[in-house]
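The values are calculated or read from the model by the stated rules, or taken from the named source; none is laboratory data. From a predicted model like this one, the values you see are computed outputs, not experimental measurements. Because the Cβ atoms are built from the backbone with ideal geometry, glycine has one as well, and the counts that use them run over all protein chains shown.
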Amino acid sequence: MTMVSIVFPGQGSQEPGMGRDLAEHSAEAMDLWKKAESTSGLPLREIYWDGDESAMAATRNLQPALTVVNLNLWIFLSGRLEAAGFAGHSLGEYSALFAARVLPMDQLLELVCLRGRLMDDAVNQDGRMAAILKLTQAQVEGLVADAAKALGQEIRIANYNTPGQFVVSGHAQAVDHVCAAVKPLKGRAMVLPVSNAFHSPYMGEAGAELAKFMDRLDWRDPKTPVYLNVTGRPEPDGAALKDIMKRQMTSSVHWTQTIENQYADGMRSYVELGPKGALSRMISQILKDCEGVTTASVSNLEQTVATLEALA
């Protein structure tokens, strides 16, 4: 039997109308939207179903809304699809925690709502992020080290998305220094429209506040392995997992390592639950030289049925 990994996308995967068809099909799915609206105090369905694009990009709105979409897809499929492992990209990792029964729903919603507010409030004009494409990890690491040494400013690789796609995060001058050095190497750099340097020490204050709240929650041992952003590996102990999650906001997202480790542990089918399919494309690039790999992107009710039929 093929071992299946379920992966959940994070910020940047939002789209107008997301989750609406499943919510209109399932009273349970609709109830989760209402619960998230009550917890956040935000009109999430109005924002995302009516397509208010300026509000859709706001982190405090996006984080609870996208989590609801991810979780509703998993809840709908969970009785029909057996997972050998879970993973989520940044925000998506919180959906993975619920799917693995690490945190109960009410607590998870409170956690992602607080995370969204803290990140939205952590505006810093000195912080910047940029995507770096078409260079190797060694090249990007070299550029980051050069920028840090030349300017004496904080900068790091925040996302190891694929062997040829990275995100750097840190002081604006250091990020600009890296971007300027990319073109001569025949790479490509794109500054991202974010309000701070996420997954870097610039998020230290917000991360500390979130960590305090995490201590109040009921962390359980995962029923199914969750491969974590910070380490790229699963952690079977709930208390140790909590300590790792406390570092997530200021640590790098080791997505390439996560997927490589899942493959090494026997997973061959990767099902992405959430909008846009960005993680499925990343996984295809990460495992392009590996045998027996299949990917599927599921963002709506019709695709859940097709995916079940494909995996049957």
Ala55 fails exactly one of (1) under 13 Å from the mean Cα position of the chain (by Cα); (2) aliphatic (A, V, I, L, M); (3) over 30 Å from Glu235 (Cβ atoms), namely (1)
Next on the checklist: Just to be sure before I move on: is Leu62 within 21 Å of the chain's Cα centre (by Cα) and either buried (at least 18 other Cβ atoms within 10 Å of the Cβ) or in the same structural domain as Pro234 (by TED's automatic domain parsing) (or both) in the structure I sent?
Outcome noted: yes
Only one of Val68, Val112, Val7 is among the hydrophobic types (A, V, I, L, M, F, W, C), in contact (Cβ under 8 Å) with a residue 60 or more places away in the chain and in contact with a helix residue (DSSP H, G or I) (Cβ under 9 Å, 6 or more places away or on another chain), namely Val7
Taking region 94-108 and keeping only residues that are surrounded by fewer than 24 Cβ atoms within 10 Å (Cβ to Cβ) and closer than 22 Å to His199 by Cα, one is left with Leu108
Met119 passes all but one of the listed conditions (1) crowded, with 23+ Cβ neighbours inside 10 Å; (2) touching a strand residue (DSSP E or B) at 6+ places or on another chain (Cβ under 8 Å); (3) part of a helix (DSSP H, G or I); (4) in contact (Cβ under 8 Å) with a residue 40 or more places away in the chain; the exception is number (2)
Would it be correct to say that Val298 is closer than 17 Å to Leu81 by Cβ and either in the same structural domain as Gly164 (by TED's automatic domain parsing) or touching a helix residue (DSSP H, G or I) at 6+ places or on another chain (Cβ under 8 Å) (or both)? yes
Test: Asn196 is closer than 16 Å to Leu91 by Cβ and under 16 Å from the mean Cα position of the chain (by Cα) = no
Subset of region 276-296, residues touching a residue at least 12 places away in the same chain (Cβ under 8 Å), within 17 Å of Trp255 (Cα to Cα) and in contact with a strand residue (DSSP E or B) (Cβ under 7 Å, 6 or more places away or on another chain), comes to Gly277, Leu279, Ser280, Met282, Ile283, Gln285, Ile286, Val293, Thr295
Those residues of region 11-58 which are aliphatic (A, V, I, L, M), part of a helix (DSSP H, G or I) and touching a residue at least 12 places away in the same chain (Cβ under 8 Å) amount to Leu22, Ala23, Ala29, Leu32, Ala36, Leu44, Ile47, Met56
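Table: residues versus (1) touching a residue at least 40 places away in the same chain (Cβ under 8 Å); (2) hydrophobic (A, V, I, L, M, F, W, C); (3) in contact with a strand residue (DSSP E or B) (Cβ under 6 Å, 6 or more places away or on another chain).
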| position | (1), (2), (3) |
| --- | --- |
| Asn159 | yes, no, yes |
| Ala181 | no, yes, no |
| His199 | yes, no, yes |
| Ala211 | no, yes, no |
| Pro222 | yes, no, no |
| Thr231 | no, no, no |
| Lys246 | no, no, no |
| Ser252 | yes, no, yes |
